[in-house]
């Protein structure tokens, strides 16, 4: 009986520890929308990374670990060859404050990408939440 009780409690505890999927805040823009995520949500997403992670800040001010590409926010449309051909592929953008990445997110949406994510508040909120930056 003890063994069954232990097994049931273990299953309950493990189920409670599973991370919840991140849905983010929907930002509507011309042509569609993108999702804003918090630093805490991004940190959770990075644990099982399933997206292309792009730093769009200029000039360079550091990276968040796991960054795949650096493309200037105002050059995103000229660098489509670096992005997934599948316009439904998940792409997560960030910059220092969130302003440049929001501009780049809107540009990607206007180009037909429909799974675009943005770190709300950028590297500033990432660092304020206690997460590290790579210089």
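Annotations
- Residue within the stretch 34-42 that is in contact with a strand residue (DSSP E or B) (Cβ under 7 Å, 6 or more places away or on another chain) and free of Cβ contacts under 8 Å to residues at least 60 places away in the same chain present: no
- For residue 100: the one exception among (1) in contact with a strand residue (DSSP E or B) (Cβ under 8 Å, 6 or more places away or on another chain); (2) farther than 18 Å from residue 22 by Cα; (3) buried (at least 20 other Cβ atoms within 10 Å of the Cβ): (1)
- Just one residue in the set 108, 92 is modelled with pLDDT of 95 or more, under 11 Å from the mean Cα position of the chain (by Cα) and either buried (at least 17 other Cβ atoms within 10 Å of the Cβ) or outside any loop (DSSP other than H, G, I, E, B) (or both); that residue is 92.
- Condition met for residue 71 (without any contact (Cβ under 8 Å) to a residue 40 or more places away in the chain, more than 16 Å from residue 34 (Cα to Cα) and surrounded by 17 or more Cβ atoms within 10 Å (Cβ to Cβ)): yes
- Selection count, the stretch 30-42, where residues are at pLDDT 95 or above and either part of a strand (DSSP E or B) or farther than 20 Å from residue 64 by Cα (or both): 6
- Among the residues of the stretch 48-73, the ones that are assigned to a loop (DSSP other than H, G, I, E, B) and either more than 13 Å from residue 122 (Cα to Cα) or touching a strand residue (DSSP E or B) at 6+ places or on another chain (Cβ under 8 Å) (or both) come to 16 in all.
The values are calculated or read from the model by the stated rules, or taken from the named source; none is laboratory data. Worth saying up front: this structure is predicted, and the values here are computed from it rather than measured. Every residue, glycine as well, gets a Cβ built from its backbone with ideal geometry; the counts of neighbours run over all protein chains shown.
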